[in-house]
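Encoded as structure tokens, the structure appears first; notes follow it.
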Amino acid sequence: MKKYILISCLILLFTSACNDDLLDTQPETSIPESIAFSTPGKILAQTNNLYKQLQNQNFYGGRFIIFNEQRADQFGQNDGNAATGSAVWNQNVASTNDFVNNVWSVAYTAINAANILISKMNETTVISKELAKNYIAEAKFIRAFCFFSLVQTYAKPYNQDKTALGLPLRLTPITTSGNSDLARSTVEEVYAQILKDLDEAETDLPVSYTTPLLNISRAKKCTAIALKTRVLLLQNNFDQVISESKKIVSATLPFQYTEGNLTHKLEANYTAIFGGSYTGTEAVFSIPFANSTTETPSAQYALAYNYAAQPIIFLAETGIVTDPAFNSGTDARSTLIGINSANQKILKKFSITTAPFRDYVPVIRYAEIVLNYAEAAANTNDLITAATLLKAVRNRSDPNYVFQANDLATKEALVATIQKEREIEFLGEGFRLMDLQRKVQTLPAKKGAIGTAPLVLPTSSNYIWPIPSGEISTNHLMVPNP
């Protein structure tokens, strides 16, 4: 049988005007491998398809961020239906759960697509070597991003046990059946591969692209650097977080990154990040949606539907929403908190207009880089730098706010203040679970309309998701989580 490679027919979103004539947009769902990389346009289509994988509604285009928020402690659950992730919120998903299997499958599909592209670009004569290196770098960024998402979800946190079983490190293409057996590498080995991919991607990625949309939706040098600050923070590698951050954060106010015609910095208008053009200076990497219902997640998977339109999850009464930042009336972030007809506080970061919901999904914002840098600086006892970075984030949403002296006086106090700022700043963006687990903290008990979800200790088996039943059945070298 001929080998076939999946190809997205909805690839125009990531294509600049100068490349419009290169694309073959025939409505095919797959094409023979022998011609999939036969023209510059088809190669570009395969590269664009990597980003399309991330856009999947079971991954960053939809529910993956919701799953992370459901597992953490800032939201209660309204709906007890299994299809809304009630088992995720209740901390009792099984290896046979569809969500557990879907996230794994979508991420590894993207990894395999990246592996295929890397292999083909290493031997192509259809495009220039320079362009081929660019595409390989994009594939390595996507591969690193997917491995990072998976290792956080299905393996013990790095700071809990880096020698624990991690993931099968699939680094070569699979284009035929019968090649599924691969043992799990350790958590440490997975992180090493992620950072290797990101280092190599940084080297060969372009500084920028030709349009604002491409700059936020395709990987560029600073995108790889930004993701490295996140990965290194999860390893408590504070010196390296600082080193990477300095590449893209200026030494003095206003903190920003400028290279050529590209500038990244905190947006002055906080609410514009979520309701404007989505391509402002703060957006380092986002998942965009074109004006097409075929490119948007179904309502039940969309961020806006889950947070506000339905809502499936609502803000916990005792969570971070009680912080004065959300109640003083002087912080711009308070305008993104609403109250529904059931008198529940809800998150309005994402649009609640009629479905389909096409909010761009913010994956990496400049505010995260600044706070990653701040936390690393605090942990290395550079309290002045840490406090200055922290204040930059707070004062862009509340210009007159002054932190209490005790909040900044010691390393421990400053780290705690930065953590609280992260909870406020990134509410609903999928960061809370990551922050709890990287610090190997208990997942707190929480209340919702469907009851109470129990706390989960770091030593509990459900602190992480189980290895999916689908992987266990096809990979004979796979060892399930204990």
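The values are calculated or read from the model by the stated rules, or taken from the named source; none is laboratory data. For clarity, every value in this text was computed on a predicted model and none was experimentally measured. Cβ sites come from the backbone with ideal geometry, for glycine too, and all protein chains shown count toward neighbours. Note: accessible area is taken over every heavy atom of the protein model, side chains too, but ligands, DNA and RNA are not part of it. Shrake-Rupley method; radii C 1.70, N 1.55, O 1.52, S 1.80 Å.
Each peptide in 330-342, 151-163, 103-115 receives the mean, over its residues, of other Cβ atoms within 10 Å, and ordering these scores from highest gives 103-115, 151-163, 330-342. So what is log10(I(q)/I(0)) for region 42-195 at q = 0.15 1/Å, when the Debye sum runs over its Cα atoms only? Evaluating at q = 0.15 Å⁻¹ gives log10 I(q)/I(0) of -0.86.
Per-peptide packing, taken as the mean over residues of other Cβ atoms within 10 Å, places 458-466, 175-183 in the sequence 458-466, 175-183 from highest down.
State the three equivalent ellipsoid semi-axes of region 340-482, derived from the C-alpha gyration tensor as the square roots of 5 times its eigenvalues, in descending order and whole Å.
Values: eigenvalues 209, 112, 58 Å².
For region 340-482, the ellipsoid semi-axes come out as 32, 24, 17 Å.
With the cut-off at 20 Å, tell me which of the pairs K196/K228; K228/K348; K140/K162; K140/K228; K42/K133; K221/K348 have Cα atoms farther apart than that.
Values: K196/K228 10 Å; K228/K348 29 Å; K140/K162 23 Å; K140/K228 13 Å; K42/K133 16 Å; K221/K348 32 Å.
K228/K348; K140/K162; K221/K348, as the Cα separations exceed 20 Å there.
Ignoring ligands, DNA and RNA, what accessible area per residue does region 90-237 give at 1.4 Å, in Å²? Write down the numbers at each step before the final one.
Values: 5220 Å² over 148 residues.
Roughly 35 Å² per residue, with all protein chains present.
Just name one of L457, P324, S397: the one whose Cα is farthest towards the positive end of the charge dipole of the chain (beta-carbon charges, Lys/Arg +1, Asp/Glu -1). Farthest towards the positive pole: L457.
Annotated for region 369-452: lysine pairs at least 8 residues apart or interchain, Cα distance under 26 Å, count 9.
Kirkwood Rh, Cα Rg: Rg to Rh for region 344-384?
On the way: Rg = 16.7 Å, Rh = 13.3 Å.
Across region 344-384, the Cα-based Rg/Rh ratio is 1.25.
Average 1/r across all pairs of distinct alpha carbons in the chain, invert it, and you get the Kirkwood radius: 23.0 Å. Taking amide H as placed 1.01 Å from N in the peptide plane, the amide H of G451 sits under 5 Å from none that are at least 5 places away or on another chain. Dimensions of region 351-422 based on its C-alpha atoms, expressed as ranges along the principal axes with the largest first, amount to 48, 25, 15 Å.
Restricting to Cα pairs below 8 Å that are 6+ residues apart, what does the relative contact order work out to for region 269-385? Please round to a whole percent. Spell out each step's value before the answer.
On the way: 143 pairs, mean separation 42.7, N = 117.
For region 269-385, the relative contact order is 37 percent.
Scaling the Cα radius of gyration of region 207-335 by the globular reference 2.2 N^0.38 Å produces a ratio of 1.25. If one puts a single equal scatterer on every Cα of region 170-247 and applies the Debye formula without solvent, what log₁₀ I(q)/I(0) results at q = 0.14, 0.18 Å⁻¹? Values returned for q = 0.14, 0.18 Å⁻¹ are -0.61, -0.85. Using only alpha carbon pairs under 8 Å that are at least six residues apart, calculate the relative contact order of the chain and give it in whole percent. Value for the chain: 20 percent. Altogether, the Stokes-Einstein calculation at 37 °C and 0.692 mPa s, with the Kirkwood radius of region 214-279 over Cα pairs as Rh, returns a diffusion coefficient of 248 µm²/s.
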